[in-house]
Amino acid sequence: MLKKNLLLLSVLAIGNTQAAYDPEDTVKLFTNIAYVYDSNVFRLSDTQQNNSTRKHQQKGDSSFTVGVGGRVDLPVSRQNFYATADFSQAHYLVFDELNNPAWDVGLGWDWVVGNQWNGNLSVSSSRQLSSFDDVRVAVVDTVNTNRANWNGSWRLLSNWALVANASYTEENHDVRKYENANDRQFGGGLRYISDRGFALTLLHNWSKYNYAEPLFFIPANLRGYSDQNTSLGLNWPVSDKFNANLTAGYSQWKSQFNGTKNTKPTANIDLMWAVTAKTTLKTGAGQKFDSFGSNVIGRDLERTAYLSANWAFTDKSKLGARYNYRQLETETSLGIVTQNSTYDTFRVSYDYQMLRSMMIQSYVQFELRNEKINQFDYNDEQVGVSLKYNF
């Protein structure tokens, strides 16, 4: 089956293009259609089955997704108000219980006050099928996510500014209701931007994670946690061809169940090197506490790394390759590690510009999960191609 879909991909494979509209246009609309073959839709190990795979005697399936969307920008004096929307409908050829609509809609305001104040205020709401990647029981579930974000900057001097942020995120699940939760975050700090272009940002962030539903004998108010993180970030455009983003910090996580504290260093590094006019290399790595993870009373520690390369053959074609590494470690407030999974993902994409208004992207992807505690290892192969038309 994979070979047949690779053949289909080789016929259809063409990729990204510029939009038909210009960036300053008030209204930007698009429509798209995507085909994906997935050899392990529910991310099941070789020894696992669920009701769908047992019924149809297969783990792979093909799907078609049709979508429409757009963005409207309304500049008023120095302010900019905008609205975004993306609606899609998936159709699986075999696993039709996954045929669910999805959307992501939002409103925003890029605000400016005088010559010293600026920032952004936005709200959004989305609905999509829950991922099976970190769920070892392959239950079909949809998640509704609501978000509100604010950030602002107050310019003190020519090179110095005070920065602040606040956000609220809420998740509600149709089936896995024990994962219903909300995350409140706010923070502040100081930013320095040099005359040479590099920027240093010192931030302290507070967050409070609350579950909405009890789990077994544990009340909802005891399942959450609070977190504080202090970090120092550096954005450094070393040259016209090399750019570096580095962040280092320290995070303290505290359980509401028994007051247990867990401290870990957090860090992130991203490097970009334009080797030639047509070749770009990127790499990075990081460690952080992951909100809205697979934990039920505890915390998820996530470590990531990646390496990617892009080659522009012509103005209309581009070849990309990327490797992602991810480790997810789930630890309860009692100190018990319930999951320690590593994910290796290899992806190759090919892009070709047909028309100014038409975008087509194709890819082949291979993913492997190794679960060190339980036998939930899996392999997954995907082949995909999508066509996007900008009006």
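Considering only region 84-92, I want to know if a residue exists there that is in contact with a strand residue (DSSP E or B) (Cβ under 9 Å, 6 or more places away or on another chain), in a loop (DSSP other than H, G, I, E, B) and of a type in the set (Gly, Ala, Ser). Before you say what the answer is, go through the steps one by one.
From region 84-92, those in contact with a strand residue (DSSP E or B) (Cβ under 9 Å, 6 or more places away or on another chain) are 84-92; that's our starting set.
This time we only want the ones that are in a loop (DSSP other than H, G, I, E, B), so: none.
No, because not a single residue in region 84-92 is in contact with a strand residue (DSSP E or B) (Cβ under 9 Å, 6 or more places away or on another chain), in a loop (DSSP other than H, G, I, E, B) and of a type in the set (Gly, Ala, Ser).
With the structure loaded, tell me whether Gly67 is closer than 24 Å to Ile360 by Cβ and either touching a strand residue (DSSP E or B) at 6+ places or on another chain (Cβ under 7 Å) or part of a strand (DSSP E or B) (or both) or whether it fails that test.
On the way: closer than 24 Å to Ile360 by Cβ: yes; either touching a strand residue (DSSP E or B) at 6+ places or on another chain (Cβ under 7 Å) or part of a strand (DSSP E or B) (or both): yes.
Spelling it out, Gly67 is indeed closer than 24 Å to Ile360 by Cβ and either touching a strand residue (DSSP E or B) at 6+ places or on another chain (Cβ under 7 Å) or part of a strand (DSSP E or B) (or both).
If we scan region 305-317, do we find a residue that is among the polar types (S, T, N, Q), on the phi < 0 side of the Ramachandran plot, modelled with pLDDT of 95 or more and not in a loop (DSSP other than H, G, I, E, B)? Give the derivation first.
Going residue by residue through region 305-317, those that are among the polar types (S, T, N, Q) are 308, 310, 314, 317.
Keeping just the survivors that are on the phi < 0 side of the Ramachandran plot gives 308, 310, 314, 317.
Now narrow it down to the ones that are modelled with pLDDT of 95 or more: 308, 310.
Now restrict to residues that are not in a loop (DSSP other than H, G, I, E, B): 308, 310.
Yes: region 305-317 contains one or more residues that are among the polar types (S, T, N, Q), on the phi < 0 side of the Ramachandran plot, modelled with pLDDT of 95 or more and not in a loop (DSSP other than H, G, I, E, B).
Looking only at region 227-259, filter to residues that are free of Cβ contacts under 8 Å to residues at least 12 places away in the same chain and within 11 Å of Met272 (Cα to Cα); which one of those is surrounded by the most Cβ atoms within 10 Å (Cβ to Cβ)? Write out each step before concluding.
Step one: list which residues in region 227-259 are free of Cβ contacts under 8 Å to residues at least 12 places away in the same chain, which gives 238-239, 259.
Adding the requirement that they be within 11 Å of Met272 (Cα to Cα) leaves 238-239.
Values: Val238: 13, Ser239: 9.
Ranking the qualifying residues of region 227-259, first place goes to Val238.
Please tell me if Ala312 is surrounded by 15 or more Cβ atoms within 10 Å (Cβ to Cβ), closer than 22 Å to Leu246 by Cα and small (Gly, Ala, Ser).
no
I need a count of the residues in region 164-177 that are touching a residue at least 60 places away in the same chain (Cβ under 8 Å) and in contact with a helix residue (DSSP H, G or I) (Cβ under 9 Å, 6 or more places away or on another chain). Before you say what the answer is, go through the steps one by one.
First, pick out the residues of region 164-177 that are touching a residue at least 60 places away in the same chain (Cβ under 8 Å): 169, 171.
Filter again for in contact with a helix residue (DSSP H, G or I) (Cβ under 9 Å, 6 or more places away or on another chain), leaving 171.
Residues flagged as touching a residue at least 60 places away in the same chain (Cβ under 8 Å) and in contact with a helix residue (DSSP H, G or I) (Cβ under 9 Å, 6 or more places away or on another chain) within region 164-177 amount to 1.
Return the pairs, sorted by first residue and then second, in which the second residue is of a type in the set (S, T, N, Q) and assigned to a loop (DSSP other than H, G, I, E, B), the first residue lies in region 351-373 and is surrounded by 19 or more Cβ atoms within 10 Å (Cβ to Cβ), the beta carbons are less than 6 Å apart, and the residues are 6+ apart or on different chains.
Filtered contacts from region 351-373: Asp351/Asn16; Met359/Asn16; Met359/Thr17; Gln361/Asn16.
Could you please let me know if Phe95 is without any contact (Cβ under 8 Å) to a residue 60 or more places away in the chain and hydrophobic (A, V, I, L, M, F, W, C)?
On the way: without any contact (Cβ under 8 Å) to a residue 60 or more places away in the chain: yes; hydrophobic (A, V, I, L, M, F, W, C): yes.
Yes: the conditions hold for Phe95.
Can we say Leu301 is among the aliphatic types (A, V, I, L, M), in a strand (DSSP E or B), in contact (Cβ under 8 Å) with a residue 60 or more places away in the chain and surrounded by 16 or more Cβ atoms within 10 Å (Cβ to Cβ)?
Details: among the aliphatic types (A, V, I, L, M): yes; in a strand (DSSP E or B): yes; in contact (Cβ under 8 Å) with a residue 60 or more places away in the chain: no; surrounded by 16 or more Cβ atoms within 10 Å (Cβ to Cβ): yes.
When the stated conditions are applied, Leu301 does not pass them.
The values are calculated or read from the model by the stated rules, or taken from the named source; none is laboratory data. Worth saying up front: this structure is predicted, and the values here are computed from it rather than measured. We place every Cβ from the backbone using ideal geometry, glycine too, and count neighbours over all the protein chains shown.
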